[in-house]
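The values are calculated or read from the model by the stated rules, or taken from the named source; none is laboratory data. Model, not experiment: these values are computed from the prediction. Every residue, glycine among them, receives a Cβ derived from its backbone with ideal geometry; neighbour counts consider all protein chains shown. Surface accessibility is based on the protein's heavy atoms, side chains included, excluding ligands, DNA and RNA. Shrake-Rupley method; radii C 1.70, N 1.55, O 1.52, S 1.80 Å.
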Amino acid sequence: MPTAPTAPALGDVTASDSTLRRFLHGLPGVDPVGLEARAASLGTRSIKTTAKAYAIDLAISMVDLTTLEGADTPGKVRALGVKAVRPDPTDRQTPATAAVCVYPDMVAVAKEAVAGSPVKVASVATAFPAGRAALGVKLADVHDAVAAGADEIDMVIDRGAFLAGRYLKVYEEIVAVKEACGPAARLKVIFETGELSTYDNIRRASWLGMLAGADFIKTSTGKVAVNATPANTLLMLEAVRDFRAQTGVQIGVKPAGGIRTTKDALKFLVLVNETAGADWLDNHWFRFGASSLLNDLLMQRQKLATGRYSGPDYVTVD
């Protein structure tokens, strides 16, 4: 079975456009049928009731509770922050979510709403979701979010440049955004996997993002037709596993968009455990980008605790 390049080979791969292209196109090709079959097989694994309670709490703690709408208001963002800190006001044992994710102009509002809690504030940036702007505009976006208190930046890559084979341009842009984040903010790099056309491109984008300094690699913006799938997330989990094996550096993974039910979330946790391993079963290394998922997790959590589903007013409508 082909293996990823060894660590010494990674030192010079970003020296020029040609060396980077040679490296990315030299990665092992993806067998689409095999990848999708493995993702489907892992998705059939059942979780026992005792383990399910733990898994639901783990999933809640991994949610980046997200609102990214043109109609977002300070009041909506404050309410989201309150919910992230205490997802179930009737049960203090319910874990907080990992973060809230908002636009840069809402970071200060979100920061105030989660103050004193472990919940992070993530901000999309770099002309999200299309990424169509000059680098200076993108970096200003990042600087504004970090200055307002963002703990994490979710950037989008230039998919047009990537698909045109201008890999060094994409690499250098990620490096510049990482520098703009400074020491305070972790960087998540969004590939928009639904626009990358092939699994080989998703593998190449994963390695490109990691080489450029991403702290997380992320599937999607949630704004296109195809977002996170078990297969593309499995492929990215394989990439972070292999990258750590070759470099010793651990990178997180964030599937986003389309993950709406507890059943979906638990399938993804099985993928994490069986592919990358238990070291990634922590919200420092794995996140769900979601809005409606949290409500279903809370409903299923109550069902396990009481034996019945709650009424329609049990959870807030986001």
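General remarks:
- Across the accessible surface of the range 160-306, with the other protein chains kept in place and a 1.4 Å probe, carbon and sulfur atoms take up 47 percent.
- Taking every DSSP bridge with both residues inside the chain, close to 0 percent are antiparallel.
- Members of Lys48/Lys254; Lys83/Lys111; Lys111/Lys169; Lys138/Lys223; Lys120/Lys188; Lys76/Lys120 lying beyond 23 Å, as alpha-carbon distances in this model show: Lys48/Lys254; Lys111/Lys169
- Binned Cα-Cα distances of the chain, short to long, each 20 Å bin given as a whole percent: 34, 57, 9, 0
- Here the Karplus curve 6.51 cos²θ - 1.76 cosθ + 1.60, taken at θ = phi - 60°, turns the phi angles of the range 292-297 into couplings of 7, 4, 4, 4, 5, 4 Hz, with x standing for Gly and Pro.
- Candidates Ala278, Ala127, Ala99, ranked by Gaussian network fluctuation over the chain, Cα under 10 Å, top entry: Ala278
- For the range 55-123: rounded, prolate or oblate by the Cα gyration tensor [a/c cutoff 1.5]: prolate
- Carbon + sulfur, % of accessible area of the range 1-111 - ligands and nucleic acids excluded, 1.4 Å: 57 percent
- Largest mean-square fluctuation among Gln302, Gln246, Gln93, in a Gaussian network model of the chain whose springs join Cα atoms under 10 Å apart, belongs to Gln93.
- Rounded accessible area per residue of the chain, 1.4 Å, Å²: 43 Å²
- Angle between the chain longest axis and helix 230-247 axis [Cα atoms, degrees, rounded to 10]: 60 degrees
- Using alpha-carbon coordinates, inclination of helix 199-211 to the longest axis of the chain, degrees: 90 degrees
- Cβ crowding within 10 Å averaged over residues, with 255-268, 149-162 ranked highest first: 149-162, 255-268
- Remark: relative contact order (the range 37-314) = 18 percent; criterion is Cα-Cα distance under 8 angstrom and separation of 6 or more residues.
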